[in-house]
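Before any comments, here is the structure.
The values are calculated or read from the model by the stated rules, or taken from the named source; none is laboratory data. On a predicted model such as this, the values are computed, not experimentally measured, just so you know. Using ideal geometry, Cβ is built from the backbone for each residue, glycine included, and neighbour counts are taken over all protein chains shown. Surface accessibility is based on the protein's heavy atoms, side chains included, excluding ligands, DNA and RNA. Shrake-Rupley method; radii C 1.70, N 1.55, O 1.52, S 1.80 Å.
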Amino acid sequence: MRAERLTVFIIDDDASVRDSIALMLGLRGYRTSLFADAEAFLAAMRDDWAGCVVADVRLPGASGVDLQEALRRRGISLPFVIITAHGDVATARAAFRSQAVDFLEKPFDEGQLCAAIDTAFALEERRLRRSESRGRDAEKLARLTAREREVLQQAALGLHAKEIGAALGISPRTVEVHKTRIMEKLGLRNVAEMVRFAVAADPPGGDAG
């Protein structure tokens with residue numbers, strides 16, 4: 001079975017097309033959700049949705065490409081596969097400018113559609129892993145005091161204890177104590193790992209404490 005957290009959102013105003021795509025994908029183990037137009041999709045959409053959108057170009061109201069661009073403007077990065085019975089170069093270019101995974105002309109081969117969806121799902125899995133990693137890092141950062149976050153932020157700049165101490169108005173020895181506590185709280189083995197974590201996490205500064 002396909003990854004349970006990923007869904008193919010099928011948007012087409014032709015009910016027979018929606019149903020036939022959903023049946024074909026369901027038989028291949030994909031989870032689907034169907035919409036007749038872009039507006040219905042937007043009205044139902046939740047922030048935790050993950051997967052990809054298979055959308056027709058020509059829809060009542062906003063087109064599939066319009067929907068793709070609208071989601072990008074809102075910072076929503078669901079991958080799109082655009083399908084159409086009326087393909088043209090300008091529409092295809094617009095879809096790819098908005099980072100569509102593929103642009104398929106009807107009638108398309110089932111294998112083509114599944115290959116495009118699998119590519120989109122691979123992109124989504126990577127996005128979700130990055131998001132989960134950032135979430136775990138945020139949980140770790142929450143364990144630090146404001147002063148420890150400041151030391152971590154300075155360490156991300158490549159500064160040594162003496163330089164960090166001068167920047168924060170504390171002694172180099174106190175900086176080293178903070179570094180030791182930071183490594184213990186974050187589960188890091190050495191200063192190099194701490195610097196890598198700090199650069200990746202880009203923690204916000206805090207008030208001294």
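Listed values, structure above:
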read-out: Per-peptide average of other Cβ atoms within 10 Å, ordering 157-166, 177-186, 133-142 highest first; value: 177-186, 157-166, 133-142
read-out: Surface share of carbon and sulfur [accessible, 1.4 angstrom probe, percent] for the chain; value: 50
read-out: Student exercise, region 1-102 dipole from Lys, Arg, Asp, Glu Cβ charges, in Debye to nearest 20; value: 400
read-out: Förster-model FRET efficiency, 45 Å R0, Arg127 and His160, C-beta, rounded to 0.05; value: 0.80
read-out: Surface per residue (accessible, 1.4 Å probe) for the chain, Å²; value: 53
read-out: Angle between the chain longest axis and helix 191-201 axis [Cα atoms, degrees, rounded to 10]; value: 40
read-out: FRET efficiency, 1/(1 + (r/R0)^6) with R0 45 Å, evaluated for Ala200 and Ser20 via beta carbons; value: 0.50
read-out: Cβ-based charge dipole, the chain, positive-most Cα from Ala36, Phe80, Thr174; value: Thr174
read-out: Folded to 0 to 90 degrees: helix 146-156 orientation relative to the chain principal axis, Cα; value: 80
read-out: For region 58-196, with +1 on Lys and Arg beta carbons and -1 on Asp and Glu, the positive-most of Met194, Ala94, Ala146 along the dipole; value: Ala146
read-out: Set of aspartates and glutamates near Lys140 by C-alpha distance (under 20 Å), chain-local residues within fewer than 8 positions excluded; value: Glu132, Glu148, Glu150, Glu176, Glu184, Glu193, Asp202, Asp207
read-out: Listed residues Asp37, Asp109, Asp12, most fluctuating in the chain (Gaussian network, C-alpha, under 10 Å); value: Asp109
read-out: Efficiency of FRET between Arg5 and Ala146 - r from beta-carbon atoms, R0 41 angstrom, step 0.05; value: 0.70
read-out: Entry for Cα extents along the principal axes in Å (calculated from the structure that is shown) out of (1) 47, 43, 32; (2) 55, 34, 28; (3) 72, 35, 28; value: (3)
read-out: Mean Cα-pair separation over length for region 82-193, i.e. relative contact order, pairs under 8 Å, 6 or more apart, %; value: 17
read-out: Thr7 long-range amide H proximity, modeled H, under 5 Å; value: Ala50, Gly51, Cys52
read-out: Calculated [θ] (222 nm, deg cm²/dmol) that DSSP helices of n ≥ 4 give over the chain, each run adding -39,500 (n - 2.57); value: -17500 deg cm²/dmol
read-out: Choice from Leu78, Leu152, Leu128 showing the highest fluctuation, given a GNM over the chain with Cα pairs closer than 10 Å; value: Leu152
read-out: Crossing angle, helix 64-73 versus the chain [Cα axis fit, 0-90 degrees, rounded to tens]; value: 10
